[in-house]
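This report refers to the structure that appears directly beneath it.
The values are calculated or read from the model by the stated rules, or taken from the named source; none is laboratory data. Note that the structure is predicted; figures quoted are calculated from it, not measured. Backbone-built Cβ (ideal geometry, glycine too); neighbour counts: all protein chains shown.
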Amino acid sequence: MEIINDLLLFLPATIVAIGGLTVMMLDGYKARSRTIYTTTMVFLGIALGVASWDLLMQAPELIFSDMAGAGGTAAFGTFIVVFGTFFTVILTHDYLIGVKHNFPQVYPLLMFCTFGMIVLATANDLVTVFVGLETMSVCLYALAGIIRDKRLGVESALKYFVMGAFSTGFFLYGITLLYGATGSTSLPEIGAYTDGGLIYWGGVSLLLVAFMFKVSAVPFHMWTPDVYTGSPTTITAYMSTAGKTASFVALVLILDRAMPFIATELTATFSIIALLTMILGNAVAMVQDNVKRMLAYSSIAHVGYLFVGLAAGSVAGYSAVLFYLLAYTFMNVGAFGVVAYYEKNHDVHFNNVESYAGLGYQRPIMGVLLSIFLFSLAGIPISAGFNAKYLVFSAGIEAGLVSLVVVGVLASAASAYYYLRVMVYLYFREGKESVSLIEPKKVYSFSLVFLALLTLYFGVVPGGVTEMIYGYFSDSMLTATAP
Amino acid sequence: METFFFVFVATFALGTALAMVLSKNTVNSALFLILHMLSVSGFYLSLNAQFLAVIQILVYAGAIMVLFLFVIMVLNMDEDEQIVTKVDFKQIFAVLVTVIVLAQLLYIVGNFTGALPDFSQQELMAIGTVEAIGDEMFTTFLLPFEATAILLTAAVVGAMLLAQKNVNVEDEIE
Amino acid sequence: MAEFVWLIVVIPLIGFLINGLLGLSSEGYRKQKSVIGWLATFAVFVPFLIAFQIFLEMNAGSEPVVVRLFTWIEAGSFTSDIAYRVDQLSILMALVVTGVGTLIHIYSMGYMKTDEGFYKFFAYLNLFIFAMLNLVMANNLLLLFLGWEGVGVCSYLLIGFWYKDMEKATAANKAFIYNRVGDFAFLVAMFLVFRTVGSLDFDVIFSNLHLFNGDIAFWVAVLMFIGATGKSAQIPLFVWLPDAMAGPTPVSALIHAATMVTSGIYLITRFSGLYMTSPEAMLLVAVIGGLTAIVAATIALTQYDIKKVLAYSTVSQLGFMFLALGSGGFVAAMFHVVTHAFFKACLFLGSGSVIHAMHHVEHELEHEGKHVHFDPQDMRNMGGLKEYMPSTYKTFLISTFAIAGIPVFSGFFSKDEILAYLFNAGLGEFGAVYYALWGLAVLTAFLTAFYMFRLTLTTFHGTFKLPGKFKGAENAAKYLHESPASMTAPLWILAALALVGGFMGVPEFFVTTFTSTDATVNWLYAWLSGVTVRAAIILPYGVKWTLVAIAIVVAVGATILAYRMYDNDKGEATDAAIRERFGSLYATWEDKYKFDEAYEAMIIRPGNRLADRVLAVFDVKILDGFVNAIGSIVQFFGSLLRFVQTGVINTYAIAFVVGVILIIGLLIF
């Protein structure tokens, strides 16, 4: 039967959804939190296995009456999302126990959220995009508010919710206008439409606005620092990696499939957004004393670099964006993981950069790991972060955006300052009082070491992956028009 | 006739929406919102979407707004707590940008030149039926439809998480 | 043998990994200092042997050999390999890096003997060698850039090695940030190259140099040069180098004198073909080099910290090398890179030996119960050390002769070559400027000889001044002693090289004048002729000999003058006299031309102010103020209303709508 075939091709999402429901039921029967955690990990592990298989073996195909895709970019997006979730759950479990907020509902929510992300990253129709986006967002609203004895938690959840609802309105209106202009919600069918009437452009703009909000590009970013600071640290990692990846993959798909002919006309818009985002993100990150808040602003800055890739509007640009997302997932989950570890040892306010003084020598392994992740985030060579930035910027240059790239490179040079500042405190300052760090759990440190190795690995030999990503766009309409 | 109906419903919808925002009493606001929902279902009727019109009334006016009213009653909000306080620079600016964005959208919609698919009255009637919608839902739009189920479940779980009594979680020492 | 070139690069990495990982994980291993030290040394010495063997198998006419290890990045039309290039230039640099590196490793075993972070120091040193070799052996710009950044990181780690000292951590940061400014320009140059030729491989770039038409060539050249000014400490980015002396002295010798700081010169020499097509860029290089040379030389004149003098002298000598590059003397620049590596490394290690001894004195006095605190690097506390440290003195003196340009010492030949090229460039485009630069260079050469002998004489001649200056240090002299053999042996080797190293580049006219046939005495010139493009020297013999005579007169004159003014403890009196004579000019030198202050006032302070006043206010008033305004958690909906009243979420929404207007406006109009 066709539906069985479709479900098989959609297996990671199906497993995650069933897993979410199972875990929810377990909670209903008052299972121990350990059981819930283990079950979650089992389901995610299977999903990760299937997603890896899909990533390597599955040829691109459309499923569910062309509502979604499998293989190609869909498999890539699914893989990053499930990968990010897998490690997030490991870190989150430990972290939430540490800060005494280990609610059992967190696990089904994370699973449902992942399901939404997969739907979003595989979508081939604006309706699917919308449902996926909303599923993801609803879960994130709730997850942002876990820590409620800290005022910031509720504040961030509420703000995120109100602003999210606001942007959803624009998104829906955008879909409506696009439907009005093209008579379809399917991405390829919209893409076939070339006569850009005003309604069409209106639809495009509102759709882009909604995405810019979700990925927190300036000036739609204002919720980000609050939400990222208020959420539990590992959930912040999750939002900024898996969540952003899903949104960006969907955005790239929309650009590649639904708007291939207007890529050059979007360049100016994306360039301006990229410019604003890079400058503001980096400038504000620079004056932060709170490490978590610094990472939040720096994640805005990274969105700016990603928009350089989008502005290029070429196959090189889009594949650079996808590689960037992969690299960013490794290094950012890792960085937040170490921050969460330090925080867990004390209390949730242990985020000021000064309290990091001398910590690098306490648990050398954690200090080294954080340094690797920060180096990568700063874009120092032999790290995945450098290659990602390099690919994005070279795509920009190829597209003739020299001045934009110059600003980008300058901004990323400036970003070294605030990443290094953390390391200066870690290693070059004496701690004021003796802060003792308990030994991290084996699985916690192994996960982080694994992420660090991946960060370095993709710094040294990104060749295979970049080539694979490039192949996803081989049937792109852009390749036909590219010089 | 159709035009007259549209103008009537549209005026009503706009009026109730404005009244809802400007009303100082929260209960009144909620009641105006119900009226607004009703007028929107009027739009659906005029577009031959009978099923949607009924659902609109049942779900929004019936279920959701009743819940809203309960919440307002339970919280027992002070009537003096006004939403609009004083006019300051920020508000003027907010009104200004809203007007600009409204003008832009009106400009876009006003310039609509494309041709929508032309359906006969019979076809339109057929599209709006429960059967037609159900058929689409379970074939073409199966994936989004099922995903919506997860979305709603997630919303319930999320609400449970947020509504849970404060920090009283078993601390497993392992 | 050339196919094993990757071993040269990989072995130091292995050394780094072994020492780093074992040291990090095992307390016992950290105590095995001789194991750690020798392992690290061999991790550099073995690559030196391999490089030497490859060198022996090559000749001046050998074609470049490219060894590809694996594909690094591949994305559509863009590919970049991990590939190393063996040609006359890269093997020369590899020999210098591993050769001088080995000596400095041996020296460090003595110098760092009592340091707690012994294993870390050697691990970093090996990592540095690895990065530096990547820089000089790379076959494409991206890999070169990787090494370029890598040496920056290592330099950062090593300057801040004694991180507990606040000032040293700051110096490390300063070095890193100034370097990043340069790196940014280099990166943009790289993008431009890629855009022009569609590849970053050296072979492709060099065979497509014609694609760089005037403007592109100029901009690529200028941007690369800006990159070089960061790494090689030229105006306006040179201020980090003197501060970088905060690191351990072997680090100053290896990284901040012999190798890393010359990478800018290497880069420009690599791209000599490109530079020759843009006379304007060449002029810029020469002018910046000339200015840096004279500015740094005048500052060096006023310093009392023995390492600071050497640091400014390095900056000044690097300026000399850029003068050579700017006048088309690429081989001359490389020649000076090599000889400078010998004598400057020797000078730094010698100063390290002196500092080591002074520290020892302080330590022993402490032991005696006398708490005397003095600056062990201040040369006013020294004097008369030649009695106590004969090896250090002799080697230091030889190197001083070399840097001063006294005939037959290595510095004489390389400096003379640079002056000849400068004068020669005076015949071409922008001739007047080049003549002026030549004058500046001669003046700098005079100052160089002068301040170097000021340093040597004040430190080693006369009487030991410490006992007279500090109470309790009366019998300090008895604690002075020569450094151990592990430190003096490298000094002697380097001094020997500084003495004879010049003979690899004896100017051909020395011979042809008399034989009137072609001579091939200039080995270096022949060796590098295949890999560099250079200007032709068209000066007649008479002019050439006159230039040599002028150089000799200047060097010897400055030496004699310095000897009269600084020998026999006249140092401080002389300095006072000079200060009086030159007045405010001297003050400017002493204040280092206020570069740091200018940057502070122009960039750092306005930047902070912007951040404090605008961004922080934005953050505090709007975002944090909001946090304070939140009600309790019970009033969930109540606080929702309060959000609206404080207007903050409104702000977010307003920003959002402004964004919507922007996007719609951009797309529909």
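So here's what we get for this one:
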quantity: Filter result for B:ALA19 (among the small types (Gly, Ala, Ser), within 14 Å of chain C (Cβ to nearest Cβ), over 28 Å from B:GLY134 (Cα atoms) and crowded, with 16+ Cβ neighbours inside 10 Å); calculated: no
quantity: A:LEU140 vs. criteria within 10 Å of another protein chain (Cβ to nearest Cβ) and not β-branched (Val, Ile, Thr); calculated: yes
quantity: The listed residue being within 13 Å of chain B (Cβ to nearest Cβ) and either of a type in the set (S, T, N, Q) or under 24 Å from the mean Cα position of the chain (by Cα) (or both), out of A:ALA165, A:ALA250; calculated: A:ALA165
quantity: Count of segment C:424-446 residues which are modelled with pLDDT of 90 or more, within 23 Å of C:MET276 (Cα to Cα) and crowded, with 24+ Cβ neighbours inside 10 Å; calculated: 4
quantity: Number of the condition not met by C:THR114 [criteria: (1) at pLDDT below 90; (2) buried (at least 24 other Cβ atoms within 10 Å of the Cβ)]; calculated: (2)
quantity: Among the residues listed as C:VAL251, C:VAL220, the single one being closer than 25 Å to C:PHE396 by Cα and of a type outside the set (Gly, Ala, Ser); calculated: C:VAL251
quantity: Qualifying position, being in contact with a Phe, Trp or Tyr (Cβ under 9 Å, 6 or more places away or on another chain) and either over 16 Å from C:THR459 (Cα atoms) or of a type in the set (A, V, I, L, M) (or both), among C:ILE299, C:ILE306; calculated: C:ILE299
quantity: Neighbours by Cβ (under 8 Å, 6+ apart or cross-chain): first from segment A:189-212, in contact (Cβ under 8 Å) with a residue 24 or more places away in the chain; second in a loop (DSSP other than H, G, I, E, B) and of a type in the set (Ser, Thr, Tyr); calculated: A:ILE190/A:SER184
quantity: So C:LEU267, is it within 16 Å of the chain's Cα centre (by Cα) and under 21 Å from C:ALA189 (Cβ atoms); calculated: yes
quantity: Qualifying residue in segment C:95-116 (condition: assigned to a strand (DSSP E or B) and aromatic (Phe, Trp, Tyr)); calculated: no
quantity: Residue within segment C:103-112 that is farther than 28 Å from C:ASN59 by Cα and in contact with a Lys or Arg (Cβ under 6 Å, 6 or more places away or on another chain) present; calculated: no
quantity: A:LEU206 surrounded by fewer than 24 Cβ atoms within 10 Å (Cβ to Cβ) and within 9 Å of chain B (Cβ to nearest Cβ); calculated: no
quantity: Residue within segment A:401-412 that is within 22 Å of A:TYR328 (Cα to Cα), free of Cβ contacts under 8 Å to residues at least 40 places away in the same chain, assigned to a loop (DSSP other than H, G, I, E, B) and facing chain C (nearest Cβ under 10 Å) present; calculated: no
quantity: Listing of helices (runs of 4 or more DSSP H) fully contained in segment A:1-84 that carry 3 or more residues being under 21 Å from the mean Cα position of the chain (by Cα) and in contact (Cβ under 8 Å) with a residue 12 or more places away in the chain; calculated: A:11-28, A:33-57
quantity: Among residues of segment C:192-230, those that are buried (at least 17 other Cβ atoms within 10 Å of the Cβ) and assigned to a loop (DSSP other than H, G, I, E, B), counted; calculated: 3
quantity: Matching residues, segment A:306-340, being of a type in the set (Val, Ile, Thr) and within 15 Å of A:TYR470 (Cα to Cα); calculated: A:VAL315, A:VAL321
quantity: Residue in segment A:112-122 that is of a type in the set (A, V, I, L, M), facing chain B (nearest Cβ under 9 Å) and within 18 Å of B:GLN164 (Cβ to Cβ) present; calculated: no
quantity: Cβ-Cβ under 6 Å pairs, at least 6 apart or on other chains, segment C:576-589 side among the acidic types (Asp, Glu), far side at pLDDT 80 or above and part of a helix (DSSP H, G or I); calculated: none
quantity: One residue from C:VAL553, C:VAL533, C:VAL548 being over 28 Å from C:ILE177 (Cβ atoms) and either among the polar types (S, T, N, Q) or assigned to a loop (DSSP other than H, G, I, E, B) (or both); calculated: C:VAL533
quantity: Residues of segment A:49-69 that turn out to be away from chain B (no Cβ under 14 Å) and crowded, with 17+ Cβ neighbours inside 10 Å, as a count; calculated: 5
quantity: Residues being in a loop (DSSP other than H, G, I, E, B) and either at pLDDT below 85 or out of contact with any helix residue (DSSP H, G or I) (no Cβ under 8 Å at 6 or more places or on another chain) (or both) - total across segment C:31-61; calculated: 4
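Results for (1) in the same structural domain as C:PHE348 (by TED's automatic domain parsing); (2) surrounded by 24 or more Cβ atoms within 10 Å (Cβ to Cβ); (3) not in a helix (DSSP H, G or I), shown as yes or no for each residue.
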site	(1), (2), (3)
C:LEU283	yes, no, no
C:ALA286	yes, yes, no
C:GLY289	yes, yes, no
C:ALA293	yes, yes, no
C:ALA296	yes, yes, no
C:GLN303	yes, no, yes
C:LYS308	yes, no, no
C:THR314	yes, yes, no
C:LEU325	yes, yes, no
